[in-house]
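All remarks here apply to the structure that follows.
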Amino acid sequence: MSHHIVEVKELKFSYPDGTPALNGVNFRITHGESVALVGANGAGKSTLLLHLNGYLTPQQGSVRIGDMPITKKTLKLVRQTVGMVFQDPDDQLFLPRVYDDVAFGPMNLGLPPDEVKQRTLSALALVGAAHLKDRPPYKLSGGEKRAVSIATVLSMSPSILVMDEPTSNLDPKARRKLIHLLSEFDHTKIIATHDMDMVLDLCSRAIVLRDGEVVADGAARDILNNQDLLDASGLEKPLRLQGCPICSLSPPG
């Protein structure tokens with residue numbers, strides 16, 4: 001199972017204008033962990049995720065998937081192992097039909113047509129979107145697009161699922177369906193999110209980023225109960241941990 005391990009060492013990255021985004025990030029994630037990556041806007045979460053799938057390569061430091069350092073030579077293997085779901089589903093859906101989008105990855109692996117079809121239909125069924133296979137992506141709702149974008153990744157049979165703000169812009173029903181779907185994924189999950197209640201539902205571990213550095217890494221519930229840490233990192237407690245504001249009122253004198 002070593003290929004399921006994600007290891008980041010002293011990772012540094014700056015934007016073309018010189019603005020630092022990551023400043024010596026370190027962590028190690030092992031097989032089967034569900035890890036939340038949390039922090040305020042601009043903390044470096046999305047930039048970090050893009051390094052885990054090779055969309056960005058380290059300027060300094062290293063990122064390894066199992067025994068493979070992420071380099072231009074290893075990108076194909078890395079992307080078969082690490083599936084990336086972007087924050088905006090429209091970044092992943094670009095073909096005329098939903099079926100074509102979900103089949104795109106397996107086809108590019110050079111798989112036989114029967115296996116491409118099997119993977120595509122299985123991935124769509126898994127996310128509850130089999131009935132959408134002949135629809136144009138631009139005619140889907142936000143929740144439907146999110147489900148199909150996840151199917152495009154699942155059809156590649158990744159060992160590690162990386163997601164950027166998966167519940168953003170979803171209505172409550174679509175959000176619940178997505179959380180249930182992700183709870184069924186048995187392998188490693190790394191999720192960047194502002195949805196702290198989803199963190200409680202899905203993640204046993206949380207990594208807090210602030211100004212491109214890891215400032216906390218530990219049990220998710222412990223971190224989400226640490227008010228001083230959350231305040232310093234521009235985060236809020238999950239609603240479920242905030243208590244009832246009415247119940248906490250003192251009785252009238």
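The values are calculated or read from the model by the stated rules, or taken from the named source; none is laboratory data. Keep in mind it's a predicted model, so treat the numbers as computed, not measured. Heads up, the Cβs are rebuilt from the backbone with ideal geometry, glycines too, and the neighbour counts pull from every protein chain shown.
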Just for strands (runs of 3 or more DSSP E) wholly inside segment 144-213: which have at least 2 residues that are touching a Cys at 6+ places or on another chain (Cβ under 9 Å)? 188-192
Of the residues in segment 24-72, those that are touching a Gly at 6+ places or on another chain (Cβ under 6 Å) and in contact (Cβ under 8 Å) with a residue 40 or more places away in the chain come to Ala40, Gly44, Lys45
Of the criteria (1) touching a Phe, Trp or Tyr at 6+ places or on another chain (Cβ under 7 Å); (2) farther than 17 Å from Lys45 by Cα, which one Asp171 fails: (1)
Among the residues of segment 1-49, the number that are farther than 13 Å from Leu209 by Cα and among the small types (Gly, Ala, Ser) is 5
Does segment 141-158 include one or more residues that are under 30 Å from Arg210 (Cβ atoms), more than 16 Å from the chain's Cα centre (by Cα) and not β-branched (Val, Ile, Thr)? yes
Taking the condition touching a Gly at 6+ places or on another chain (Cβ under 7 Å) and either surrounded by 16 or more Cβ atoms within 10 Å (Cβ to Cβ) or without any contact (Cβ under 8 Å) to a residue 40 or more places away in the chain (or both), does Ala147 pass? yes
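Filter segment 214-247 down to the residues that are in a strand (DSSP E or B) and surrounded by 20 or more Cβ atoms within 10 Å (Cβ to Cβ) and list them by number. Before the answer, list the steps.
Here is the first cut: in segment 214-247, the residues in a strand (DSSP E or B) are 214-219.
Matches in segment 214-247: Val214 only.
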Within segment 50-69, residues among the β-branched types (Val, Ile, Thr) and more than 16 Å from Pro158 (Cα to Cα) come out as Thr57, Val63
Run Ile207 past the list (1) farther than 16 Å from Lys45 by Cβ; (2) surrounded by 17 or more Cβ atoms within 10 Å (Cβ to Cβ); (3) modelled with pLDDT of 90 or more and report the number of the one that doesn't hold. (1)
Consider Glu10 against the criteria (1) among the acidic types (Asp, Glu); (2) on the phi < 0 side of the Ramachandran plot; (3) assigned to a strand (DSSP E or B): it satisfies all of them except one. Which criterion is unmet? (2)
Is one or more of the residues making up segment 76-94 part of a loop (DSSP other than H, G, I, E, B), of a type in the set (A, V, I, L, M, F, W, C) and exposed (fewer than 15 other Cβ atoms within 10 Å of the Cβ)? yes
